[in-house]
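Written out below as structure tokens is the structure these notes cover.
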Amino acid sequence: MTGNSRKTLRSQEWFDNPDNPGMTALYLERYLNYGLTREELQSGKPIIGIAQTGSDLSPCNRHHIELAKRVRDGIVAAGGIPLEFPVHPIQETGKRPTAALDRNLAYLSTVEVLYGYPLDGVVLTIGCDKTTPAMLMAAATVNIPAIALSVGPMLNGWHRGERTGSGTIVWKSRERLSAGEIDYEEFMDLVASSAPSVGYCNTMGTATTMNSLAEALGMQLPGSAAIPAPYRERGQISYETGRRIVEMVREDLKPSDIMTREAFENAIVINSAIGGSTNAPIHLNAIARHLGVGLDNDDWQKIGHEIPLLVNLQPAGEYLGEDYFHAGGVPAVVMELMKAKLLPNPDAITANGRGIGDNCKDVENLNENVIRTVASPLKEHAGFINLKGSLFDSAIMKTSVISPEFRERYLSNPDDPEAFEGPVAVFDGPEDYHHRIDDPAEGIDEGTILIMRGAGPIGYPGGAEVVNMQPPDYLIKRGVHALPCIGDGRQSGTSGSPSILNASPEAAAMGGLALLKTGDRVRVDLRKGEANILVSDEELGARRKALEEAGGYHYPDHQTPWQEIQRSMVDQLANGMILKPAVKYQKIAQS
Ligand code: FES
Ligand code: MG
């Protein structure tokens with residue numbers, strides 16, 4: 001704890017450095033031109049950035065434009081000076097080819113801002129899927145005091161008396177549209193009903209997952225993540241967040257003090273309990289790598305797999321964001337886990353300076369239908385499995401969304417209850433899938449395993465959320481609603497398909513998926529954690545050689561400069577999809 005001697009603030013190097021009056025004057029004068037005074041900038045007040053991820057292009061986070069006013073009030077009330085700045089927009093539903101391509105771009109530009117400007121601390125406005133990891137990754141690299149503020153989920157969606165959840169309603173209604181049960185107009189109405197207010201996806205998709213995990217990691221004030229965007233409590237926590245970051249600067253409480261290995265272990269456990277998205281391992285592994293904390297997909301299975309699913313939110317369950325908030329949000333989940341001694345590190349420090357266990361131990365679970373107890377969970381063993389084999393070195397399966405139907409059809413061979421096997425239909429990217437899936441000549445039936453490749457961080461720059469593939473229309477009409485899917489892309493957190501995804505290395509990096517041919521047989525053993533191609537090693541070796549001679553797995557051309565730059569240096573999904581050259585730059589504000 002440093003107290004607040006003037007020279008401990010890094011902003012003083014810009015604004016109050018008598019050793020270099022020329023530069024000080026130059027730095028200072030332009031910040032006066034809209035009304036700040038010399039006294040403010042030279043009185044040793046912490047200067048606090050507000051990293052603004054909201055804009056008209058980013059409707060999920062757009063409400064942060066309003067909330068930032070309350071953040072500013074809090075910063076000023078605590079004796080700081082707010083300086084708000086824009087972050088490169090990342091709108092999950094609006095960016096082509098995929099918003100994930102922009103996570104690393106927003107990360108890079110935010111690192112430059114946090115490092116290169118006179119900021120003593122920062123409020124990271126988070127929300128829509130990739131905004132949360134981009135901000136936490138940047139804070140990790142620079143390591144100035146930082147606190148995250150969720151924009152909060154949208155209100156619950158309703159249609160004819162039923163909850164309609166973001167994304168999940170699209171997957172469900174698309175099937176009904178395919179089956180001819182609803183028409184185009186009703187389909188559009190249904191989907192629109194799931195977005196009734198400002199805020200991010202109200203399901204347990206990637207956004208609710210990552211915002212909950214930002215709190216689980218200790219980077220938000222307790223209880224912050226689940227507050228719906230339009231609620232008054234959202235404005236109030238914004239004010240408290242602004243106040244708190246000024247104190248964090250005075251205490252010199254940095255991201256590396258909060259996001260420790262212990263905090264990540266807590267986050268993995270909490271991710272299982274909330275039924276978090278399969279995008280979480282990608283993003284948390286990325287944040288950890290930028291901090292120099294060891295974390296990989298084996299940790300996710302080891303620490304997370306046994307943990308039961310407690311939070312009854314769509315897609316795994318039935319409720320939505322408002323229900324989650326009213327039941328008690330992340331603190332109530334943590335309390336339930338602690339009661340059962342399942343939280344590994346209750347002492348891990350959070351943004352308010354107290355341990356997460358301390359913050360949550362006296363919290364009440366206000367609705368045990370929405371947040372179950374460990375004694376009566378929604379599902380046992382809700383964490384991810386990390387699969388390996390000749391198909392890939394690592395791929396994730398979210399077992400909590402495996403349907404009873406799927407279990408029955410694929411996992412109930414009494415001789416081998418945890419394994420399934422079948423011929424594959426191989427698709428090279430989403431366009432190829434849409435082109436071929438409904439063609440009966442492809443011969444896809446209820447025993448087929450669907451393969452999506454060319455959809456990883458290199459093949460489809462950023463990695464496409466396309467592994468959850470719908471069966472052909474003719475199978476859906478026969479009542480087959482899901483086929484097992486395996487792929488090197490990602491899957492939307494709002495989807496409930498039994499998929500094996502994030503396969504690393506991807507086909508474009510010459511992983512095993514590149515060698516598959518339609519009609520090959522594949523065998524997956526969930527108990528052993530294996531996924532193998534049932535083709536001889538000689539044959540696979542010959543295929544690899546032929547493919548290499550043909551110049552490797554073919555993927556589409558770059559469309560923008562950033563696509564080319566990112567493809568040239570991006571790591572695989574299992575390794576967080578980070579920019580490889582960036583990892584060596586750690587805690588740069590201290591170096
Ligand atoms: Fe932005 Fe889901 S699309 S949070
Ligand atoms: Mg998504």
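We did not get these values from a lab; they are worked out from the coordinates using the rules stated. Keep in mind that this is a model prediction, so the values were computed, not measured. As a convention, Cβ positions derive from the backbone with ideal geometry for all residues, glycine included, and neighbour counts pool all protein chains shown.
Where both partners of a DSSP beta bridge lie in the chain, what percent of those bridges are antiparallel, to the nearest 5?
45 percent
How do the peptides 151-161, 89-99 rank, highest first, by the average count of neighbouring beta carbon atoms within 10 Å per residue? Before the final figure, lay out each step's value.
Details: 151-161: 21.0, 89-99: 19.1.
With the highest mean Cβ count within 10 Å placed first, the list reads 151-161, 89-99.
To the nearest 20 debye, what charge dipole does the chain have about its Cα centre, counting +1 at the Cβ of each Lys and Arg and -1 at the Cβ of each Asp and Glu? Kindly include the intermediate steps, with their values, before the conclusion.
Working: 55 positive and 75 negative charges, 281 e Å.
Roughly 1340 debye for the chain.
Using alpha carbons only, how many degrees (0 to 90, rounded to 10) separate the axis of helix 261-274 from the longest principal axis of the chain?
Approximately 50 degrees, to the nearest ten.
Give the residue from Ala51, Tyr34, Val535 lying farthest towards the positive end of the charge dipole for the chain; charges sit on Cβ (+1 for Lys and Arg, -1 for Asp and Glu) and the dipole is referred to the Cα centre.
Tyr34
Counting C-alpha atoms alone, how compact is the chain: give Rg to one decimal and Dmax as a whole number, in angstrom.
Cα only, the chain: 24.2, 80 Å (Rg, Dmax).
Cα axis of helix 131-142 to longest principal axis of the chain: angle in degrees, 0 to 90, nearest 10?
Computed tilt is about 50 degrees.
Using the eigenvalues of the Cα gyration tensor, what equivalent ellipsoid semi-axes result for region 354-395 when each is taken as the square root of five times the eigenvalue, whole Å, largest first? Write out the running numbers ahead of the final one.
Details: eigenvalues 227, 57, 9 Å².
Working from the Cα gyration tensor, I get semi-axes of 34, 17, 7 Å.
Sum -39500 (n - 2.57) across every DSSP H segment of at least 4 residues in the chain, then divide by the residue count to get the 222 nm mean residue ellipticity, nearest 500.
On the way: 22 runs with 219 residues, N = 591.
Taking each H run of at least 4 residues, the total per residue is -11000 deg cm²/dmol.
Sorting check: for 274-280, 80-86, which peptide has the highest mean count of neighbouring beta carbons within 10 Å, and how do the rest follow?
Details: 274-280: 28.7, 80-86: 18.1.
The densest-packed peptide leads the list: 274-280, 80-86.
Can you pick out the pairs among Lys477/Lys517; Lys388/Lys584; Lys341/Lys379; Lys398/Lys580; Lys302/Lys388; Lys254/Lys580 whose Cα atoms lie more than 22 Å from each other? Don't skip to the end; give the middle numbers.
Numbers: Lys477/Lys517 27 Å; Lys388/Lys584 28 Å; Lys341/Lys379 18 Å; Lys398/Lys580 27 Å; Lys302/Lys388 14 Å; Lys254/Lys580 24 Å.
Table pairs above 22 Å Cα-Cα are Lys477/Lys517; Lys388/Lys584; Lys398/Lys580; Lys254/Lys580.
List the cysteines in the chain whose Cβ has no other cysteine Cβ under 4.7 Å from it.
Cys201, Cys360, Cys485
Output the peptides 114-127, 567-580 sorted from most to least packed, where packing is the average of other Cβ atoms within 10 Å over each peptide's residues.
Details: 114-127: 24.7, 567-580: 21.2.
Result, highest mean first: 114-127, 567-580.
By how many degrees, 0 to 90 and rounded to 10, does the Cα axis of helix 21-32 deviate from the longest principal axis of the chain?
Roughly 70 degrees between the two axes.
Work from the charge dipole of region 384-550 (Cβ charges, +1 for Lys and Arg, -1 for Asp and Glu, about the Cα centre) and give the residue of Ala509, Ala550, Ile402 farthest towards its positive end.
Result: Ile402.
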